[in-house]
1. Which numbered condition trips up Ala422, out of (1) surrounded by 16 or more Cβ atoms within 10 Å (Cβ to Cβ); (2) touching a Phe, Trp or Tyr at 6+ places or on another chain (Cβ under 8 Å)?
2. Which of (1) within 26 Å of His297 (Cα to Cα); (2) assigned to a loop (DSSP other than H, G, I, E, B); (3) open to solvent by 20 Å² or more (accessible area, probe 1.4 Å); (4) of a type in the set (S, T, N, Q) is the odd one out, the single condition Ser411 does not satisfy?
3. Which of the residues that make up the stretch 329-349 are open to solvent by less than 70 Å² (accessible area, probe 1.4 Å), touching a residue at least 24 places away in the same chain (Cβ under 8 Å) and part of a loop (DSSP other than H, G, I, E, B)?
4. Would you mind finding the one in Val264, Val194 that is modelled with pLDDT under 90 and surrounded by 19 or more Cβ atoms within 10 Å (Cβ to Cβ)?
5. Kindly provide the set of residues from the stretch 117-128 that are open to solvent by 10 Å² or more (accessible area, probe 1.4 Å) and in contact with a strand residue (DSSP E or B) (Cβ under 8 Å, 6 or more places away or on another chain), ordered by number.
6. Select, from Phe362, Phe352, Phe384, the only residue that is of a type in the set (A, V, I, L, M, F, W, C), open to solvent by 30 Å² or more (accessible area, probe 1.4 Å) and either touching a helix residue (DSSP H, G or I) at 6+ places or on another chain (Cβ under 9 Å) or modelled with pLDDT of 90 or more (or both).
7. Among all residue pairs at least 6 apart or on different chains, which show Cβ distances below 9 Å where the first residue, located in the stretch 138-160, is of a type outside the set (Phe, Trp, Tyr) and the second is assigned to a strand (DSSP E or B) and open to solvent by 20 Å² or more (accessible area, probe 1.4 Å)?
8. Quick one: is Ile101 open to solvent by less than 10 Å² (accessible area, probe 1.4 Å), touching a Ser or Thr at 6+ places or on another chain (Cβ under 9 Å) and not polar (S, T, N, Q)?
Amino acid sequence: MSAPPLSAEQLELFRLIEETDEHVFITGRAGTGKSTLLQHFAWNTKKQIAICAPTGVAALNVEGQTIHSLFRLPIGLIAEGEIEQSDATRRILNAIETLVIDEISMVNADLMDAIDRSLRQARGRRGEPFGGVQIVMFGDPYQLAPVPPRGEELRYVQDHYRSFWFFDAKVWAGPSTGSGPQTGSGTQDGLFEVDTRARLHVRELVNIHRQSDDGFKAMLNAVRYGRVTAEIAGILNAQGARTPPEPEPGETPIITLATRNDIVTAINRRHLAALPGREQTAHAEVSGDFGRGEANHPADLELKLKVGAQVMFLRNDTSMSGEPPRWVNGSIGTVTRILGGTVRVEVDGDEFDVEPAVWERFRYAYNPGTKTLSREVVAEFTQFPLRLAWAVTIHKSQGKTYDRAVIDLGSGAFAPGQTYVALSRLTSLDGLYLTRPLRPSDIRVDEDVRRFMREAWEARQAQAVER
């Protein structure tokens, strides 16, 4: 499957990260093409890069490695504890020219500083941010947040950091108005003296590709920034108050986006049980270490299906090189036949035979002969790239696109950005259905994110004036 061409603003950012050594945080509203740019950079860069992400599933999505695995870091708060490094880890970290981190908004400040300290230590360049490695980060803090600390960890964070967000790590001097490292005060940070801070260049993609209606884009923008007026809320609630129609033959079914796993599981089980016919189970094949817990798996270990089941695809179609994809990650369809090693799924009136897909977990390795980094497969997960999809959690809908959806906020959005993520999955206002009206308490924006993004905007304005 060929990659989509870059827009002018994406191409400009590609050149920035490819042709300079600046540390760059690439953000943007939902649907602006952050993932497309990351993929293009990974495929086209001439630099020695390593790609990582904070969670196992996020790492799989970008064909990278988890941060903890790449750096061999302990789970939990790292603080000022000694970072143990094997010779193999040091060789890998020494070979990296550019480190790409996806879903950076889920990385906390303590982990960001541990990445910095690990690279300085491994590369023997303790007075230079990240040991001289370029850091390129992708994500949207208005959508996903780091897991908040608790107990003693919370007290430590409150004593040492302005906030738990990655942008408040000690390594950063703040949003950039220029370039180059900043000389600090020589403060002691654990094992060595930190006498430099890194300037972080914040670049925001602004052209939205998911939605085309300017009015709906403006409403989503208001939800993103927490500036929803009574008029905007009235339009969203009036549109969402309709009863979802039964899908016509060949029409994409309507999915429910809910806040909690138990709600999603109950909806999916109820609908599956109501279907006639025999339930069949596809068991995943797992080789190597894929990590413990369901959260590390890209699909269900046991996928239960019936003919008539509503399903969502979990990855893009890559089987027909050069041809338009038959489905993409997030496509919704209906199972029409289960036979042998295939499941036939109807998507938008067309039927396709779907076979099991293989997800590969990678680990970076260093080749001393060529002095280059390479990726080796350390685990494989084989399963049909499908999930029951009468309902899905808002969190798991991240990155997906739907023409229509029922949004169930239940007793209320419990995390900043949750309502924005749900609404921004939709391609248009016409596809919105709400189980209840939006409330002011559903529109939540983290104040630290608001403050950081304001500082980044002010830095860009000052830079523009200087030019």
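The values are calculated or read from the model by the stated rules, or taken from the named source; none is laboratory data. Note that the coordinates shown come from a computational prediction; the quantities given were computed from them, not determined experimentally. All Cβ positions, glycine included, derive from the backbone under ideal geometry; neighbour counts span all protein chains shown. Calculation scope for accessible area: heavy atoms of the full protein, side chains included, ligands and nucleic acids excluded. Shrake-Rupley method; radii C 1.70, N 1.55, O 1.52, S 1.80 Å.
1. Going through the list (1) surrounded by 16 or more Cβ atoms within 10 Å (Cβ to Cβ); (2) touching a Phe, Trp or Tyr at 6+ places or on another chain (Cβ under 8 Å), Ala422 breaks only (2).
2. So Ser411 meets the others, but not (1).
3. Asn329, Gly330, Gly349
4. Matching residue, one of Val264, Val194: Val194.
5. Correct list: Gln121, Arg126, Gly127, Glu128.
6. Numbers: Phe362 fails: open to solvent by 30 Å² or more (accessible area, probe 1.4 Å); Phe384 fails: open to solvent by 30 Å² or more (accessible area, probe 1.4 Å).
Testing whether each residue is of a type in the set (A, V, I, L, M, F, W, C), open to solvent by 30 Å² or more (accessible area, probe 1.4 Å) and either touching a helix residue (DSSP H, G or I) at 6+ places or on another chain (Cβ under 9 Å) or modelled with pLDDT of 90 or more (or both) leaves just Phe352.
7. Pro146/Asn108; Val147/Asn108; Pro148/Asn108; Pro149/Asn108; Val157/Asn108
8. No; evaluated as a whole, the condition is false for this residue.
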